[in-house]
Amino acid sequence: MKSIWDTHTQREIHDRITTLTADRRGQWGTMMPQQMVCHLTESLRMALGDLKVVPKRLPIRYPPLKQLIIYVAPFPKNAPTAPELIVTATPHEWKDDVDALQAHVDRFVARGKDATFVDHPAFGALTPRAWGVLVYRHMDHHLKQFGA
């Protein structure tokens, strides 16, 4: 299972982000590439505790459903997301938004796999291992959405 905690996987994510272009068409969904880049940045800000997201009381907060979704099940296309993570404002310059995403990936990784993290708004308390897998899988899902 890939995790953002793995050095090779971190490099893979950084490399895939650099292949994105602002004019690329998504294979599903309504986001444009720049909105997706900003969405991923906001999700990392949430994971780092910099962006507060209202928790949801959903069945996926509890085992074994939580583990099934984080570790096994494919991420569904067009799944709903927290309103706080939907970027509707006009993004900044493409390069600035991509640089911000790269910097937030680095900030998350720098926290380390032994750090304490905030609760996820949908999944509740997560171990650092689960956070590492979830961050990778979320980023992988959206990078694939735009062919990266």
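The values are calculated or read from the model by the stated rules, or taken from the named source; none is laboratory data. Predicted model, so just to flag it, every value in this text is computed and none were measured. In this analysis, Cβ positions are derived from the backbone assuming ideal geometry, glycine residues included, and neighbour counts consider all displayed protein chains. Accessible surface is based on the protein model in full, side chains and every heavy atom, while ligands, DNA and RNA are left aside. Shrake-Rupley method; radii C 1.70, N 1.55, O 1.52, S 1.80 Å.
Annotations for the structure displayed:
- For Val118, net neighbour charge (Lys/Arg +1, Asp/Glu -1) across residues whose Cβ lies under 10 Å away: -1
- Whole-percent carbon and sulfur share, accessible surface of the stretch 1-124, 1.4 Å: 59
- The stretch 5-101 - accessible surface per residue (Å², probe 1.4 Å): 61
- Cα-based shape type of the stretch 74-126, given that a ≥ b ≥ c are square roots of the gyration tensor eigenvalues and the cut on a/c is 1.5: oblate
- Near Trp5: Cβ cut-off under 12 Å, other residues only, Lys/Arg at +1 and Asp/Glu at -1. The net charge is +2.
- Partners of Lys77 within straight-line reach, counting lysines whose Cα lies under 27 Å from its Cα and excluding those fewer than 8 residues away in the same chain: Lys2, Lys52, Lys56, Lys66, Lys95, Lys144.
- Remark: the Cα gyration tensor places the stretch 24-76 in the oblate category, a/c being 1.5 or greater and a/b not exceeding b/c.
- Note: relative contact order over the chain, using C-alpha pairs below 8 Å and six or more positions apart, is 44 percent.
- Secondary-structure-derived ellipticity at 222 nm for the chain, considering helices only, amounts to -14000 deg cm²/dmol, per-run term -39500 (n - 2.57) for DSSP H runs with n ≥ 4.
- If you take all other residues with their beta carbon under 14 Å from the beta carbon of Met36, and give Lys and Arg +1 and Asp and Glu -1, the sum is +1.
- Degrees, to the nearest 10: 33-47 long Cα axis against longest axis of the chain: 30
- Identified option (computed Cα extents along the principal axes in Å; candidates [x] 40, 30, 27; [y] 36, 35, 33; [z] 82, 33, 25): [x]
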